[in-house]
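Structure first, commentary second.
The values are calculated or read from the model by the stated rules, or taken from the named source; none is laboratory data. Owing to the predicted nature of the structure, the values given are computational and were not obtained by experimental measurement. We place every Cβ from the backbone using ideal geometry, glycine too, and count neighbours over all the protein chains shown. To get the accessible areas, we keep the full protein, side chains included, count just its heavy atoms, and leave off ligands, DNA and RNA. Shrake-Rupley method; radii C 1.70, N 1.55, O 1.52, S 1.80 Å.
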Amino acid sequence: MASEPKNSRTMHTVLWAVQILLAGGFFSGGAMKLFQSPEKLAEMWPWAADHPGLVTLTGIVDILAGIGLIFPGLLRVQPKLTVYTAFGVILLMLSAALFHITRGEASDIGVNIVFAAMAAFVAWGRLGKAPLSGKN
């Protein structure tokens with residue numbers, strides 16, 4: 001067959017859109033955690049004042065997540081790393097949600113749930129029949 005099915009191409013496009021949105025969120029969050037002052041971060045996230053080391057660590061992890069969601073597919077080098085990154089994002093978001101719940105900040109886990117769901121979609125889609133290259 002010379003052309004791939006429309007559903008596969010659509011799924012490929014949707015997966016890339018979700019990956020780009022997720023990566024953008026992680027690059028943005030990671031940059032804020034790494035480059036904004038602790039005082040400014042504490043205004044947005046009260047936990048940041050109590051855990052400055054965790055802020056730095058999660059900033060680094062966020063940047064790595066953004067890289068892992070985009071660059072393996074973009075460069076076509078070890079595209080399975082995108083799947084592994086998506087699973088790592090799920091674990092990160094579950095850990096973040098648990099952290100907020102234990103601090104009595106359960107109302108703050110919405111972003112964690114949405115990001116975990118998006119990452120689960122990417123993992124599911126990339127494990128299935130929607131390769132990163134868009135070719136079957």
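Work out which helices of the chain, taken as complete DSSP H runs, extend at least 27 Å along their axis over the Cα atoms and score a mean Kyte-Doolittle of 0.0 or more, then list them.
The qualifying helices are 6-35, 52-75, 80-102.
With a 1.4 Å probe and every protein chain kept in, tell me what percent of the accessible surface of the chain is carbon plus sulfur.
70 percent
So, R0 is 25 Å and r is the distance between the beta-carbons of Leu54 and Ala31; what FRET efficiency does that work out to, to 0.05?
The value I calculate is 0.90.
Counting only heavy atoms of the protein chains, get the accessible area per residue of the chain (1.4 Å probe) and round it to a whole Å² value.
Ligands and nucleic acids excluded, the figure is 59 Å² per residue.
On average, how much area does the Cα convex hull of the range 9-88 cover when viewed from any direction, in nm²?
Projected area, direction-averaged: 5.7 nm².
How much accessible surface does Asp108 have with a 1.4 Å probe, in Å² rounded to 10?
It works out to around 80 Å².
Just how much of Ile67 is accessible, in Å², when a 1.4 Å probe is used and the result is rounded to the nearest 10?
Roll a 1.4 Å probe over it and Ile67 shows about 70 Å².
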